[in-house]
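Have a look at this one before I ask anything.
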Amino acid sequence: MLTKLTGGIVYDPANKINGKQKDIYIKDGKIVNKPRNADPDKEYNIKGKVVMAGAIDLHTHIGGGKGNIARMLMPENHRIDPVAHTDIKRAGTGHAMPSTFVTGYRYAEMGYTAAFEPAVLPVNARQAHMEMGDVPMLDKGGYVMLGSDDYFLRMMTAKKDQQAINDYVAWTIRAAQGVGIKVVNPGGISAFKFNQRKLDLDEKNTHYNVTPRDILRSLATAIKELGIKHPLHVHGSNLGVPGNVQTTLDSIAGVDGLPVHLTHVQFHSYGTEGDFKFSSGAAKIAESINKNKNMSVDVGQIMFGQTVTASGDSQRQYANHGIASPNKWVCMDIECDAGCGLVPFKYKDQNFVNALQWAIGLEIFLLVDDPWRIFLTTDHPNGAPFTSYPHLIRLLMDKSFRNDMLATIHPEAKKMTTLASIDREYTMQEIAILTRAGAAKITGLVGRGALGKNDWADITVYTENENREKMFEKPDYVFKNGEMVVKDGEIVKTVWGTTHVVRPEYDKSVEKDLKKYFDKYMTMKMGNFTISDDEITEDGRGSITVHPTVGEKI
Amino acid sequence: MTTITEVPSPFCGIGSDDLTIQVDGVSIKVTENGCAINTPAFEEAIADIDPRVDGKMVSLDVAIKRAAKILKKANQSVIGGCATDVNGMRALMALADRNGAVVDNMNFTGAKRNFLAMQDSGWMNTTLAEIKNRCDLFVVVGCDLEAFSPQFYQRYLWNKESMFLKDTSKREVIYIGKAPSGKASTSPKKAKAKVLECADADLPEVMAVLRALVKDHPVSVDEVAGIKITDLKKIADKLKKATYGVVTWAAGALDFSQAELTVQMLCEMVKDVNASGVRCSGFPLGGKEGDQTANQVCGWQTGYPARMRFSSDIPEYDPFLYDINSMFANGEVDAFLWVQAFNSRSVPPHGGKIPTIVVARSGMVFEEEPDVFIPIGTPGIDHSGHAYRLDNVVAIRLKKLRDSGLPSTAEVLTAIEQALVS
Ligand SMILES: [Zn+2]
């Protein structure tokens, strides 16, 4: 079957196409060149409409134990947003932490075709994949969390060589079926179990004598040497602490030019100036990102309203529980592997700190020059639910709208931000980079986020609208692997995406010591810890797509 | 005959995964690492393999059609039990969504006490491996732990080696409420657990006083429910001196009115200990017969734990209204589906004269024959699957051990759902 999309204005940064009218042909789920003499079986006249690849969210908490605790914690937040079933859609609930089906539907209805869960605890990876297995419409994948697990910390204390660390990292990413590696508050989740309530970049974990700086360097090196394309995904130390801008700058310096992705960097860009001892560090962070080409960031923009923060960072979440709203919160220590913390938050535009957080996020977006190294996230649901992306896009593309919003926030916060003086407006092509081409590139996805020959036909078609929020919240069409799945912003067909993974090589002898460790200290057998492919595929809907590591052919 | 090692168990709740099992045709023998719960559950022989309608043997197809007919006609169907694996629960939810059914996990009346506390104020909890490697003070509230889990002490407290304790036999165990029924809590060095006994109904008072003592509030009585305040004060002090204290309870065992307030008291006390400057965690016990699995799957698919309904086309949660027993008592039900893949003795509650479908482990014996009975395979024996352990974090990969030909829960419920549409 040949499908033709006729007359759209294409934004395809991966192929350096910037707003050019161009027909697109689709065959067997992929984009093909114009066939010589074949009539399309199906043609969509999209003359003058904006065409981009399907959007990719590289950091969104959509699957895994802590997300499910967040769901269970907030029944009142689901009650305000029930979603009825239809002939083709399952019932569910939305708002801050939607049910899995609603997550898939709402992402697709905004033109997204892939989303990555950034905090997969190895011991909870099975759950993450099962939940993502119930997220329709989207491709998915997970970053596996290391750095506070006792096995790794024991290796660090024992000064095991880098090769041994690499083998363990590769073994873990394969066992947990991940596509990247994340570190959360390096060593801090473990430190909390030893009753350390904070951990600075150069502060030692009291039991292991290891610092966050050591951990960052070791894991970033492992990623590079294993050829995993997604750089080490770093949720840094001191999240949310005024003055943490220095921690973040020191962390950037500390990785010595190794590729590193700083996630939700907004939460790590705070100074201590001003009457309230809380100020924007955005300019310093942006300057450092602009200079250090090894770095990339996603922002973790906050939006005003009710949400629930769900994080692996049990140490910082515990520290923040006093501002839980409503006043209920969960912390967990987990399996000598990691931890988690769930704290409901209500960001208010008339709260000085919240208002400045909002401005800091936008400052970072606007001050980082290279759109290939910055990504559009709210750290769903931590800064805001992902459904606020169209609004965020408008804030980035529309200076006068941004300034109108700025005028409404807490007056002291307004004085503390340079936002009003920044003229930059994101272009359509830049939005396509942030949400498509760049995201695919940095996660190492082959054949996604682009509209060239042989790329998968994940395509979103929008009607041009000066009001960018309206434009991006309701695409005319979304195609997933060449099939039309959304029309006029509504799901018309339920489909199931693939799970993206990487499989770096490692020395099998690493399993000898691991097996001993599992038998002695863990509560399950090493063989039962490892997730087999059929666990993801046996329901007949799931599939696995293996992406190459650097220099590897698949 | 084949021998299978490292077999995980969905029965004991603690996710034992080191059983060795011998399979001879369809008969199973646990040869290593069994226990009073796991061994009989694995070894139970297959009884019926044929479905029945009105007590007569029929083909699976006929039974499914009849089940669908009953559900289709119903104004308000309820699905109880919900004791199955992840895929079984997924199929159950799809069927409930399509049929507008109530979903009520059989252990929810116990679990509700935890959910109400958690959804009101939250908690700080831990998991098995943290206990095994860190816990130096273990407080059991209102629960006979070894009856709940015969292997708990041996596996997670009296383990020889731990990463962070030099001598695990020095761990201290304290009981408040029920006394232990055996000696499992006695340490390898013969140190007996300290027991402060009181009636279950007195636990609200005792826990309130213990929390007050943790917070250094003045307490003006000398004893509470027969327990000396000085003894409770010692426990409060121990909690605030421990390196990694753990307080455990089984919501199902706290069988008195408004026990959720006792759960909440206990969880808030754990937070208070953390606020005082040391670490301490709660550890709720549960996880039997798929209850965590039911709540997890229902949670990610609807946002709510497994006492909810789809009657108005949307998920609605109410831990009181959708209790199937009270729905039966109020005459609110006109079709009843009972799903129990793990335990053939766990028969459906009596709902009165209501059309009843039972999809359950082969061998279930009924006082009153249901309209439809479909015997199914057991997850982890007859087919592979996933089940959650009590700590709600670890899902174990269940293995298929034999070829019995019995269908899985998911196969049967999906077929019923399909038959509803056609
Ligand atoms: Zn995040």
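At a 10 angstrom cut-off on C-beta neighbours, averaged per residue, how do the peptides B:95-106, B:311-322 rank from highest to lowest?
Details: B:95-106: 25.2, B:311-322: 17.9.
So the peptides B:95-106, B:311-322, ranked by packing, come out B:95-106, B:311-322.
Using 1/(1 + (r/R0)^6) with R0 = 25 angstrom and r between the beta carbons of A:Asn465 and A:Lys16, what's the FRET efficiency to the nearest 0.05? All intermediate terms of the calculation are to be shown ahead of the outcome.
Numbers: r = 25 Å, r/R0 = 1.01.
Working from the Cβ atoms, E equals 0.50.
Please determine, in degrees from 0 to 90 and to the nearest 10, the orientation of helix B:60-73 with respect to the longest principal axis defined by the Cα atoms of chain B, where the helix direction is its Cα long axis.
80 degrees
Could you tell me the ratio Rg/Rh of region A:143-450? Both radii from Cα atoms, Rh via Kirkwood.
On the way: Rg = 18.7 Å, Rh = 19.6 Å.
Radius of gyration over Kirkwood radius for region A:143-450 works out to 0.96.
Can you check how the C-alpha radius of gyration of region A:411-523 compares to 2.2 N^0.38 Å, as a plain ratio?
Details: Rg = 22.4 Å, N = 113, 2.2 N^0.38 = 13.3 Å.
Taking N as the residue count of region A:411-523, the ratio is 1.69.
Give me the 1.4 Å probe accessible area per residue for chain A, excluding ligands and nucleic acids, in Å². Numbers along the way, then the final one.
On the way: 18140 Å² over 554 residues.
Result: 33 Å² per residue.
With unit charges on the beta carbons (Lys and Arg positive, Asp and Glu negative) and the dipole taken about the Cα centre of region B:111-285, which residue among B:Leu128, B:Pro218, B:Met269 sits farthest to the positive side?
Towards the positive end, the residue furthest out is B:Leu128.
Per residue in region A:290-319, which ones lose no less than 20 Å² of accessible surface when going from chain alone to all protein chains (1.4 Å probe)?
A:Tyr318
If you take every DSSP beta bridge whose two residues both sit in chain A, what share of them, in percent to the nearest 5, is antiparallel? Please list the in-between numbers first.
On the way: 42 of 76 bridges.
Rounded to the nearest five, the antiparallel share is 55 percent.
What's the magnitude of the charge dipole for region A:410-459 around its Cα centre, counting Lys and Arg as +1 and Asp and Glu as -1 at the beta-carbon? Answer in Debye, nearest 20. Provide the component values of the computation, followed by the final result.
Numbers: 7 positive and 6 negative charges, 22 e Å.
Charge dipole, region A:410-459, about its Cα centre: 100 debye, nearest 20.
Of B:Arg211, A:Arg154, which has the most accessible area and how do the rest follow, probe 1.4 Å? Kindly include the intermediate steps, with their values, before the conclusion.
Details: B:Arg211 50, A:Arg154 85 Å².
Ranking B:Arg211, A:Arg154 by accessible area, largest first, yields A:Arg154, B:Arg211.
Using a Cα-Cα cut-off of under 17 Å, which lysines could be cross-linked to A:Lys49, ignoring same-chain neighbours fewer than 8 residues away?
Within the straight-line cut-off, A:Lys49 pairs with A:Lys4, A:Lys20, A:Lys22, A:Lys470, A:Lys474, A:Lys487.
If you don't mind, another one. Mind checking the full-extension length gain between A:Ala253 and A:Glu412? Use 0.36 nm per residue of separation minus the Cα-Cα distance, one decimal, nm. Each step should come with its number before you reach the end.
Working: separation 159, 0.36 × 159 = 57.24 nm, distance 3.22 nm.
Length gained, A:Ala253 through A:Glu412: 54.0 nm.
Find which of A:Gly147, A:Ala450, B:Val140 sits farthest along the positive direction of the dipole of the protein assembly as shown, computed with +1 on the beta-carbon of Lys and Arg, -1 on that of Asp and Glu, about the Cα centre.
Value: A:Gly147.
Quantify how strongly other chains surround peptide B:387-396 by giving the mean number of their Cβ atoms within 10 Å of each of its Cβ atoms. Walk me through the numbers on the way to the answer.
On the way: counts 0, 3, 2, 0, 4, 7, 15, 14, 11, 5.
Mean partner shielding for this stretch: 6.
For B:Lys228 and B:Ala201 in one chain, what is 0.36 nm times their gap in residues minus the Cα-Cα distance, to one decimal in nm? Could you put the intermediate results ahead of the total?
Working: separation 27, 0.36 × 27 = 9.72 nm, distance 1.71 nm.
So the chain would gain 8.0 nm between B:Lys228 and B:Ala201.
Another one. Among the listed pairs A:Lys293/A:Lys399; A:Lys204/A:Lys348; A:Lys140/A:Lys414, which are separated by more than 30 Å between their Cα atoms?
On the way: A:Lys293/A:Lys399 27 Å; A:Lys204/A:Lys348 36 Å; A:Lys140/A:Lys414 38 Å.
Result: A:Lys204/A:Lys348; A:Lys140/A:Lys414 exceed 30 Å.
Each label point is 7 Å from the Cα along the Cα-to-Cβ direction; what then is the distance between the points at B:Ser181 and B:Gln76, in nm?
3.7 nm
Let me know the mean shielding of B:115-126 by other chains, meaning the per-residue number of their Cβ atoms within 10 Å of its Cβ. The partial results should precede the final answer.
On the way: counts 3, 0, 1, 5, 7, 4, 6, 14, 7, 9, 7, 7.
Other-chain Cβ atoms within 10 Å of each residue's Cβ, averaged: 6.
Assuming a ≥ b ≥ c are the square roots of the Cα gyration tensor eigenvalues, decide whether chain A counts as rounded (a/c under 1.5), prolate (otherwise, with a/b larger than b/c) or oblate.
Values: a/c = 1.56, a/b = 1.19, b/c = 1.32.
Cα axes put chain A in the oblate bin.
For region B:125-231, which GluC sites (Glu not before Pro) are both in a DSSP coil and crowded by at most 14 other Cβ atoms within 10 Å?
Details: sites: B:Glu130, B:Glu146, B:Glu161, B:Glu172, B:Glu197, B:Glu205, B:Glu223; in loops: B:Glu161.
In loop regions of region B:125-231 (DSSP not H, G, I, E or B), the sparsely surrounded GluC sites (Glu not before Pro) are B:Glu161.
Can you give the local net charge around B:Lys189? Use residues other than it whose beta-carbon is closer than 10 angstrom to its beta-carbon, Lys and Arg +1, Asp and Glu -1.
Numbers: positive: B:Lys170, B:Lys190; negative: B:Asp167.
Local net charge: +1.
Quick one: helix B:229-241 against the long Cα principal axis of chain B, what's the angle to the nearest 10°, folded into 0 to 90?
Approximately 80 degrees, to the nearest ten.
A:Thr157 to B:Lys192: FRET efficiency via 1/(1 + (r/R0)^6), r the Cβ-Cβ distance, R0 41 Å, to the nearest 0.05?
On the way: r = 36 Å, r/R0 = 0.89.
That pair, A:Thr157 with B:Lys192, gives E of 0.65.
Which length gain, in nm to one decimal place, applies between B:Lys353 and B:Asp318 when the Cα-Cα distance is subtracted from 0.36 nm times their residue separation?
Numbers: separation 35, 0.36 × 35 = 12.60 nm, distance 2.50 nm.
Gain on stretching B:Lys353 to B:Asp318: 10.1 nm.
Provide the buried accessible surface between chains A and B in square angstrom, both chains summed, 1.4 Å probe, rounded to the nearest 100. It would help to have the intermediate numbers written out before the result.
Numbers: alone 20850 and 17760 Å², together 33100 Å².
Heavy-atom accessible area buried at this interface is about 5500 Å².
In debye, nearest 20, what is the charge dipole magnitude of region B:1-148 about its Cα centre with +1 on Lys and Arg Cβ and -1 on Asp and Glu Cβ, if you could check? Mind showing how you got there, number by number?
Values: 14 positive and 19 negative charges, 214 e Å.
That gives region B:1-148 a dipole magnitude of about 1020 debye.
Using a probe of 1.4 angstrom, how much of the accessible area of region A:291-385 is carbon and sulfur, in percent? Don't skip to the answer; put the middle values down first.
On the way: 1110 of 2190 Å².
Carbon with sulfur: 50 percent of the solvent-accessible area.
Okay, moving on. Hey, what angle do you get for helix B:108-121 against the long axis of chain B, alpha-carbon based, 0 to 90 degrees rounded to 10?
50 degrees
Pull up the DSSP beta bridges for the protein assembly as shown and report the antiparallel fraction as a percent, rounded to 5. Numbers along the way, then the final one.
Working: 66 of 146 bridges.
If I count the DSSP bridges inside the protein assembly as shown, around 45 percent turn out antiparallel.
Of the listed pairs A:Lys160/B:Lys170; A:Lys229/A:Lys508; B:Lys190/B:Lys400; A:Lys198/A:Lys525, which have alpha-carbon separations greater than 29 Å here? Don't jump to the answer; show the numbers that get you there.
Numbers: A:Lys160/B:Lys170 32 Å; A:Lys229/A:Lys508 22 Å; B:Lys190/B:Lys400 41 Å; A:Lys198/A:Lys525 33 Å.
As for pairs spanning more than 29 Å Cα to Cα, those are A:Lys160/B:Lys170; B:Lys190/B:Lys400; A:Lys198/A:Lys525.
How many partner chain Cβ atoms sit within 10 Å of a residue's Cβ in peptide A:194-205, on average, as a whole number? It would help to have the intermediate numbers written out before the result.
On the way: counts 5, 7, 1, 3, 0, 0, 0, 0, 0, 0, 0, 0.
Per-residue shielding by partner chains comes out at 1.
Just from its helices, what would the mean residue ellipticity at 222 nm be for chain B, if runs of 4 or more DSSP H residues each count -39500 (n - 2.57) and the sum is divided by every residue, rounded to the nearest 500 deg cm²/dmol? Can you show the working numbers first?
Numbers: 13 runs with 136 residues, N = 422.
Here the helix-only value at 222 nm equals -9500 deg cm²/dmol.
To the nearest 0.05, what FRET efficiency results for A:Glu490 and B:Arg345 with a Förster distance of 60 Å applied to their C-beta separation? Mind showing how you got there, number by number?
Working: r = 48 Å, r/R0 = 0.81.
That gives a FRET efficiency of 0.80.
Place a point 7 Å from Cα of B:Asp334 in the direction of its Cβ. Which residues in region B:362-405 have their backbone N less than 13 Å from it?
Inside the label zone: nothing.
Going toward the positive end of the dipole of chain A, with +1 on Lys and Arg Cβ and -1 on Asp and Glu Cβ, which of A:Tyr107, A:Val179, A:Met72 do you reach last?
Projecting each Cα onto the dipole axis, the largest value belongs to A:Val179.
Now a separate question. In what sequence, largest accessible area first, do A:Lys346, A:Lys224 appear using a 1.4 Å probe?
A:Lys224, A:Lys346
Classify region B:111-285 as rounded, prolate or oblate from the Cα gyration tensor: take a ≥ b ≥ c as the square roots of its eigenvalues, call it rounded if a/c is under 1.5, otherwise prolate when a/b beats b/c and oblate if not.
Values: a/c = 1.36, a/b = 1.33, b/c = 1.02.
Cα axes put region B:111-285 in the rounded bin.
Quick check on chain B: of the DSSP beta bridges with both residues there, what percent are antiparallel, nearest 5%? Please list the in-between numbers first.
On the way: 24 of 66 bridges.
Of the beta bridges lying entirely in chain B, close to 35 percent run antiparallel.
Okay, moving on. Residues of region A:117-149 that become at least 10 Å² less accessible with every protein chain present than in their own chain isolated, using 1.4 Å: which are they?
By number: A:Val123, A:Asn124, A:Arg126, A:Gln127, A:Met130, A:Glu131, A:Asp134.
Another question, then. For chain A, return all DSSP H helices satisfying: extent of Cα atoms along own axis at least 18 Å; mean Kyte-Doolittle hydropathy at least -1.0. Before the final figure, lay out the partial values.
Numbers: long enough: A:162-175 (19 Å, -0.20); A:212-226 (21 Å, 0.07); A:352-367 (22 Å, 1.61).
The qualifying helices are A:162-175, A:212-226, A:352-367.
So if I place +1 on the C-beta of Lys and Arg and -1 on the C-beta of Asp and Glu, and nothing else carries charge, what would the dipole magnitude of chain B be about its Cα centre? I want it in debye, nearest 20.
1180 debye
Sticking with this structure for a sec: Could you state how much accessible area A:Phe304 has, in square angstrom rounded to the nearest 10, with a 1.4 Å probe and all protein chains kept in place?
Roughly 80 Å² of A:Phe304 is accessible to a 1.4 Å probe.
Let me ask you something else. Under a plain spin-label model, where a point goes 7 Å from the Cα along Cα-to-Cβ, how far apart in nm are B:Glu43 and A:Lys284?
6.9 nm
A further question follows. Projected area of the protein assembly as shown, taken from the Cα convex hull and averaged over every viewing direction, in nm²?
39.4 nm²
The values are calculated or read from the model by the stated rules, or taken from the named source; none is laboratory data. Since the structure is predicted, the reported quantities are computational estimates derived from the model, not experimental observations. We place every Cβ from the backbone using ideal geometry, glycine too, and count neighbours over all the protein chains shown. Only protein heavy atoms, including side chains, enter the accessible area calculation; ligands, DNA and RNA are left aside. Shrake-Rupley method; radii C 1.70, N 1.55, O 1.52, S 1.80 Å.
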